[in-house]
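Read through the structure below, which is laid out as structure tokens, and then see the notes.
The values are calculated or read from the model by the stated rules, or taken from the named source; none is laboratory data. Being a predicted model, the structure only gives us computed values, none of them experimental. Cβ placement follows ideal geometry from the backbone for every residue including glycine, while neighbour counts extend to all protein chains displayed.
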Amino acid sequence: MSTAAPKRRGIVAALARIEDGTIIRAAFFAMLAGTAAVLYVDYGELTAGDRASLAMPDIPVLPAFNPDDPMLPGGPVVTTDPDLLRQPLTVALGPGGVLSLTGSIDPGSFERVQAELEARGEYVKQVAINSPGGSVIDAVKIGGLMVVGEYTTSVGNGALCASSCPLILAGGKQRLASAQSAIGVHQIYAMATAGDLPSGLAGVGNAMSEAQRTTAIITRYLGTTGVDPAVWLHALETPPSQLYYLSREELTTYRLVTQFTD
């Protein structure tokens, strides 16, 4: 006992000489390390049963907004056949030089649109879009074709332009819509196979990095079209399972629509 007491007094004296800030910093970093360990374990448990659903693919995809239930309180009415919207994007040149893009923007849509424009682009006067969205990269590339060709883009009465679809609309030199056009956005969503998924915290970091990179691509692209990139803030704030319908005032303010046809 006589030996232990001086040792305890020595330890107390040593601790007293340590600055409060040093103790606080040490406690903070210890807490941070513990939190990281817990997050790692939790992530492993969460992804053990469904790892593929969290992967980021090379071609970011937005889920096509459910055409069976496209309505939100106060949202516009979508009159297009839901089965038609579920199909891969079709490209068809109709009367009056109207090129119709109808259906989901699947990977490869860009190549189909590009091929049609290369073959008969001189006859195209307007590009009418009716799509629940899909591949972000394909949408940006198709929008680039609109910019280069200085085409007029449009979303008609009862038509839907959701998820990544507004990126195509943005590429038009003139961008037309009506009060009955359903135009909306939501967050980027990724799909991939299980083999593409990186593991552990590295997977989370890669997913965040890819999402940020894609957002940068979208922002830079919108900046070249004359559309205010701030319109995409509504996408960032809206979960993939929902859709943020842009009001007539917002469509005008963000310059996503240059003219209303009604």
Check your understanding: Being surrounded by 14 or more Cβ atoms within 10 Å (Cβ to Cβ), at pLDDT 95 or above and touching a Gly at 6+ places or on another chain (Cβ under 6 Å), is that true of even one residue in segment 171-193?
Key -> yes
Review point. Among (1) modelled with pLDDT of 95 or more; (2) in contact with a helix residue (DSSP H, G or I) (Cβ under 8 Å, 6 or more places away or on another chain), which single condition is Val98 missing?
Key: (2)
Review point. Which of the residues spanning segment 101-120 are part of a helix (DSSP H, G or I) and surrounded by 24 or more Cβ atoms within 10 Å (Cβ to Cβ)?
Key: Ser109
**Study point:** Counted residues, segment 121-140 - those being in a strand (DSSP E or B) and within 25 Å of Arg220 (Cβ to Cβ)
**Key:** 5
Point to revise | Flag if Ser163 is of a type in the set (Gly, Ala, Ser), modelled with pLDDT of 95 or more and crowded, with 24+ Cβ neighbours inside 10 Å | key: no
Exercise for review: Determine if segment 241-255 includes at least one residue that is modelled with pLDDT under 95, surrounded by fewer than 17 Cβ atoms within 10 Å (Cβ to Cβ) and under 14 Å from the mean Cα position of the chain (by Cα).
Suggested key: yes
Review point. Ala216 versus (1) buried (at least 17 other Cβ atoms within 10 Å of the Cβ); (2) modelled with pLDDT under 95; (3) out of contact with any Phe, Trp or Tyr (no Cβ under 7 Å at 6 or more places or on another chain); (4) among the small types (Gly, Ala, Ser): which is the lone unmet condition?
Key: (1)
